[in-house]
Amino acid sequence: MILTVNGDQVEVPNTVKTIAELLQHFELNNKVVIVEKNAEILEKEKHAETLISDKDKIELVHFVGGG
Amino acid sequence: MLKIGNHEFSSRLLLGTGKYPDFEIQKAAVDVSGTEILTFSVRRMNIFEASQPNFLENLDISKYTLLPNTAGAKTAEEAVRIAKLAKASGLCDMIKVEVIGCQKTLLPDPIETLKASEQLLKEGFIVLPYTSDDVLLARRLEELGCHAIMPGASPIGSGQGIINPLNLSFIIEQANVPVIVDAGIGTPSDAAIAMEMGAAGVLLNTAVSGADDPVKMARAMRLAIEAGRLGFEAGRIPKKRYATASSPLEGMSIG
């Protein structure tokens, strides 16, 4: 399945079915990550139940230093 | 106590987390500053370098109230999106509204700041807008329901200190919510002056992170803000044109 992640085309195995599994795939499951799927912001509790499919646009954001 | 929305703080220093030489210096500076509120930004992750440490992992964030900013937003719509992304982390309910209208001066866009603040208040955020030192804009933001007003002392990162103390004093006098002087602070005396004028707090970043010794400067800022606040609470003497002797004029043994 091909996703657009943070603007880049990324191929992920078809075994990755949910947002939570996608985060695990990128080894981000222990980090503070905020996920937007097709312009919809997902609360953390929704990560496990939200399914992903081919051509989804995913944004993964986090906190960085700032003033 | 500094009260912002339903939060209470004993420190009046809000510290930014950008541009420290390294995480260790940052952690030490944050510790000695005594701050209880940390600001930070929201950005895309680099998923190809996910193993890179993040500053949050280096700090015990349970000790701090997190104040994300909407830096990077040029419109109200973008600011609202960034605020919602930050809140979806489940780590914070406050937002520093920062909508920059000019890349050279980094001055805030007043119209978009007002619009974004209005929308975020409707959505239940605790809203702290970064604004210019415009007195009427500050009033309008307060009338919307903003929980604090954050006028800049001078342009972001410029270190020029308070360039319009008159406007700042008008903003402080009229406000019924905390006024936090945000941006442009360069030295401990700048921060102390803001506090002496009656500001409820000071938000700074580069003044500490860009100092030769950020940890020492963090301590200096802490002391300056405490000193300035005490001075404000104590009440200064009026300025007089001529001298008034502090020693008694009676009982002189000469002449």
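Here B:G201 meets each of (1) touching a residue at least 24 places away in the same chain (Cβ under 8 Å); (2) more than 18 Å from the chain's Cα centre (by Cα) with one exception, condition (2).
Would you say B:N176 is in contact with a strand residue (DSSP E or B) (Cβ under 9 Å, 6 or more places away or on another chain) and either modelled with pLDDT under 95 or not in a strand (DSSP E or B) (or both)? When the stated conditions are applied, B:N176 does not pass them. Considering the conditions (1) without any contact (Cβ under 8 Å) to a residue 60 or more places away in the chain; (2) closer than 20 Å to A:G66 by Cβ; (3) touching a Ser or Thr at 6+ places or on another chain (Cβ under 9 Å); (4) crowded, with 18+ Cβ neighbours inside 10 Å, B:A153 is excluded by exactly one of them, (3).
Criterion applied to B:S41, B:S62, B:S89 was being within 11 Å of another protein chain (Cβ to nearest Cβ) and more than 17 Å from the chain's Cα centre (by Cα), and the one residue passing it is B:S89.
Restricting the search to the range A:32-67, which residues are surrounded by fewer than 16 Cβ atoms within 10 Å (Cβ to Cβ) and touching an Asp or Glu at 6+ places or on another chain (Cβ under 9 Å)? Of everything in the range A:32-67, those that are surrounded by fewer than 16 Cβ atoms within 10 Å (Cβ to Cβ) and touching an Asp or Glu at 6+ places or on another chain (Cβ under 9 Å) turn out to be A:N38, A:A39, A:A48, A:K57.
Have a look at A:N6, A:N29 and point out the one that is touching a helix residue (DSSP H, G or I) at 6+ places or on another chain (Cβ under 7 Å), closer than 21 Å to B:F48 by Cβ and surrounded by fewer than 15 Cβ atoms within 10 Å (Cβ to Cβ). Before the answer, list the steps.
Values: A:N6 fails: surrounded by fewer than 15 Cβ atoms within 10 Å (Cβ to Cβ).
Only one candidate passes the filter, namely A:N29.
Restricting the search to the range B:92-124, which residues are surrounded by 24 or more Cβ atoms within 10 Å (Cβ to Cβ) and under 18 Å from the mean Cα position of the chain (by Cα)?
If we filter the range B:92-124 for residues that are surrounded by 24 or more Cβ atoms within 10 Å (Cβ to Cβ), which is where we start, we get B:95-99, B:108, B:113, B:116-117, B:120.
Scanning the range B:92-124 gives B:I95, B:K96, B:V97, B:E98, B:V99, B:P108, B:T113, B:S117.
Select from the range B:17-43 the residues that are more than 17 Å from B:S209 (Cβ to Cβ) and either among the small types (G, A, S) or assigned to a loop (DSSP other than H, G, I, E, B) (or both) and list them in ascending order. Passing the criteria: only B:E36. Take the residues in the range A:32-52 that are within 8 Å of another protein chain (Cβ to nearest Cβ) and without any contact (Cβ under 8 Å) to a residue 24 or more places away in the chain; name whichever of them is nearest to B:V42 (Cα to Cα). Out of the qualifying residues, it is A:I41.
Within the range B:202-217, being more than 14 Å from chain A (Cβ to nearest Cβ), over 18 Å from B:A153 (Cβ atoms) and part of a helix (DSSP H, G or I) holds for B:V215, B:K216.
Can you give me the ranges of the helices (runs of 4 or more DSSP H) entirely in the range B:44-161 with at least 1 residues that are under 30 Å from B:E24 (Cβ atoms) and of a type in the set (S, T, N, Q)? Even if it seems obvious, please write down each step before you answer.
Working: elements: B:55-58, B:76-87, B:110-122, B:135-144.
Those helices (runs of 4 or more DSSP H) span B:55-58.
Mind checking whether some residue in the range A:17-29 is at positive phi and not in a helix (DSSP H, G or I)? It would help to see each step written out before you state the result.
Kept after step one, since they are at positive phi, are these residues of the range A:17-29: A:27.
Those left that are additionally not in a helix (DSSP H, G or I): A:27.
Checked against the condition, which is being at positive phi and not in a helix (DSSP H, G or I), the range A:17-29 yields at least one hit.
If you go through the range B:98-109 one residue at a time, do you hit one that is in contact with a Leu (Cβ under 8 Å, 6 or more places away or on another chain) and more than 10 Å from every other protein chain (Cβ to nearest Cβ)? Looking for residues that are in contact with a Leu (Cβ under 8 Å, 6 or more places away or on another chain) and more than 10 Å from every other protein chain (Cβ to nearest Cβ), one finds at least one in the range B:98-109, hence yes. If B:G16 satisfies all but one of (1) within 30 Å of A:V10 (Cα to Cα); (2) within 11 Å of another protein chain (Cβ to nearest Cβ), what's the number of the condition it fails? Every listed condition holds for B:G16 apart from (1).
Residue check: B:A71 meets all listed conditions (1) among the aliphatic types (A, V, I, L, M); (2) more than 21 Å from B:N205 (Cβ to Cβ); (3) facing another protein chain (nearest Cβ under 10 Å); (4) surrounded by 20 or more Cβ atoms within 10 Å (Cβ to Cβ) but one, namely (2).
The values are calculated or read from the model by the stated rules, or taken from the named source; none is laboratory data. None of the values given here were measured: they were computed from a predicted structure. A quick note on method: Cβ atoms are made from the backbone with ideal geometry, for glycine too, and the neighbour counts reach across all protein chains shown.
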